[in-house]
Amino acid sequence: MAEVVLAAGDQASGLASMMGTLLAQNVERVPAKYQDFRRVDADVVIAVNDLDQAITLRFSGERCTIHNGRTGSPRVSITTDSETLMRLSMLKIGPLGLPNYFDEPGRNVLRAMRSGRLRISGMHHLPTLNRITRLFSVA
């Protein structure tokens, strides 16, 4: 079973705790997400500008360790504000397991990218980015 661990334990940032809880609940709630969880095998950074916080999610097999701050060599880096981060979790997953950008939540994400409120580094690692998107989607 998938294991989500906060590297800093009780000293984990609010962002690390929130994202760790969301990830663990999504994988537990939707068993199909377990395969995505196991296949990420990368470091992913999420930085939230208005909170002045960043976390690194280190996926390795059946374990994801969430670190405060930026560590390692992330394959994908997502930089945004807290409102847009919450909107990312509302993306619906469509055919072929790809995000649906044609409904309102999808259009909101595209607007955030156009305006610069959402920046994604590592877009060429599309399989990793798609798996992360599916893992954090609650829709």
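None of the figures in this text is laboratory data; all of them are computed from the coordinates on show. These numbers come from a predicted model, not from an experiment. Every residue, glycine among them, receives a Cβ derived from its backbone with ideal geometry; neighbour counts consider all protein chains shown.
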* **Estimated inter-spin distance, Met86 and Asn49, nm [label 7 Å along Cα→Cβ]** => 1.8 nm
* Structure fact -> The set of residues whose placed amide H lies less than 5 Å from the amide H of Arg63, leaving out same-chain residues fewer than 5 positions away, is Glu3
* Förster-model FRET efficiency, 25 Å R0, Ile120 and Arg29, C-beta, rounded to 0.05 -> 0.50
* **Karplus-derived HN-Hα couplings along region 95-107 (A = 6.51, B = -1.76, C = 1.60, θ = phi - 60°), whole Hz, x at Gly and Pro** => x, 6, x, 9, x, 8, 9, 9, 9, 4, x, x, 5
* To do: Sketch the reach of a paramagnetic label on Met18 as a point 7 Å from Cα along Cα-to-Cβ, and name the residues of region 87-116 whose backbone nitrogen lies under 11 Å away.
  => 87
* Residues with amide H under 5 Å of Leu6's amide H, sequence separation 5 or more or different chain, H placed in the peptide plane at 1.01 Å from N; which? -> Ile66
* To do: Can you grab the distance from the C-alpha centre of region 42-61 to the C-alpha centre of region 66-139, Å, no decimals?
  => 12 Å
* Paired Rg and Dmax values of the chain, which use every Cα atom, in angstrom -> 13.9, 40
* Asked: From the backbone phi of region 48-55, what are the Karplus-calculated ³J(HN,Hα) couplings (6.51 cos²θ - 1.76 cosθ + 1.60, θ = phi - 60°) in whole Hz, Gly and Pro given as x?
  -> 10, 4, 6, 9, 6, 9, 9, 9
* Asked: What is the set of long-range amide H partners of Gln53 at a cut-off below 5 Å, with H atoms built 1.01 Å from backbone N?
  -> Val48
